[in-house]
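Some notes on the structure that comes next.
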Amino acid sequence: MPTEHMRRREALLALGGLGVGAAFGVRSLLKPATAPAAPDCLLQRELTEGPYYLDLDLVRRNVKGDRRGTPLALRFTVVDASSCTRLENAAVEIWHADAAGTYSGVSGDSGNFLRGIQRTNASGVARFDTIFPGWYRGRTPHIHMKVFVSGDEVHTGQVFFRPAVTKRIYAAGVYRSRGQADTSNGADSIYRSAGERALCSLTRKGSGYAGAMTIGVDA
């Protein structure tokens with residue numbers, strides 16, 4: 001389970017790690033009146049990767065492993081933030097905690113569950129089949145993400161969820177015994193650095209949910 005030191009490290013890195021990529025999407029109002037209108041891409045803020053990243057090169061769409069939880073199908077579209085051109089063959093990597101708030105491969109926990117990489121297709125889309133992430137003390141529920149283009153890391157971020165859906169999921173199934181998360185989005189310093197553009201809206205899909213986001217990167 002995450003330690004108090006690790007949680008403080010995440011928060012400190014978030015405050016100090018907002019670099020050039022922390023700008024939001026390109027907006028035409030920032031251009032001179034004579035310039036052609038620029039596209040407005042959805043660009044998440046750059047955030048700390050957190051202390052749980054492992055460089056495992058696990059290329060797979062289904063990252064569930066043996067973990068139980070509410071199914072979650074994720075669809076990420078990667079675009080060039082300056083033009084909104086969809087980027088083919090970008091590598092999208094995700095990792096997150098299981099229903100008990102545990103990460104694989106760290107703090108004595110073995111395995112590589114809930115970690116994986118997918119390449120974007122010709123439409124710039126990468127898909128993952130996972131479960132809704134569990135919570136741990138001091139953090140709102142989230143999924144970590146990195147994006148690589150031509151081998152270079154061009155984005156580090158975290159994906160968050162709307163409170164109503166989170167509460168509904170945590171009230172049932174394998175999540176129910178742990179109760180609700182102890183930290184809301186608004187109380188989470190990393191979410192506050194990211195803002196609403198880091199929210200992934202979910203829709204029902206069978207027994208679980210599906211979510212889609214567009215990630216703008218400086219390619």
Requested in this report: Tell me which residues, restricted to region 173-214, are part of a strand (DSSP E or B) and either in contact with a Lys or Arg (Cβ under 8 Å, 6 or more places away or on another chain) or among the aliphatic types (A, V, I, L, M) (or both).
Outcome: Leu199, Leu202, Ala210, Gly211, Ala212, Met213
Report task. Please go through region 173-198 and pick out each residue that is within 18 Å of the chain's Cα centre (by Cα) and free of Cβ contacts under 8 Å to residues at least 40 places away in the same chain. Result -> Gly186, Arg192, Glu196
Requested in this report: Residues that are modelled with pLDDT under 95 and of a type in the set (D, E, K, R): find the strands (runs of 3 or more DSSP E) completely inside region 41-155 holding 1 or more of those.
Outcome: 71-80, 143-149
Report task. Might you let me know whether region 100-111 holds any residue that is under 14 Å from the mean Cα position of the chain (by Cα) and among the hydrophobic types (A, V, I, L, M, F, W, C)? Result -> no
Query raised in the report: For region 123-139, which residues satisfy the criterion of being polar (S, T, N, Q) and buried (at least 22 other Cβ atoms within 10 Å of the Cβ)?
Result: Thr130
Report task. Name the single residue, out of those in region 201-219 being buried (at least 19 other Cβ atoms within 10 Å of the Cβ) and at pLDDT 95 or above, that is nearest to Arg86 (Cα to Cα). Result -> Gly211
Query raised in the report: When you scan region 157-180, how many residues do you find that are in contact with a helix residue (DSSP H, G or I) (Cβ under 8 Å, 6 or more places away or on another chain) and over 18 Å from Leu72 (Cα atoms)?
Result: 4
Query - Residue count for region 156-172, restricted to those that are within 14 Å of the chain's Cα centre (by Cα), of a type outside the set (A, V, I, L, M, F, W, C) and either part of a loop (DSSP other than H, G, I, E, B) or under 15 Å from Gly101 (Cα atoms) (or both) - result: 1
Requested in this report: Would you be able to say whether some residue in region 100-122 is surrounded by fewer than 23 Cβ atoms within 10 Å (Cβ to Cβ), closer than 30 Å to Ala172 by Cα, of a type in the set (S, T, N, Q) and touching a residue at least 60 places away in the same chain (Cβ under 8 Å)?
Outcome: yes
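The values are calculated or read from the model by the stated rules, or taken from the named source; none is laboratory data. Since the structure is predicted, the reported quantities are computational estimates derived from the model, not experimental observations. Positions of Cβ are backbone-derived with ideal geometry, glycine not excepted, and every protein chain shown enters the neighbour counts.
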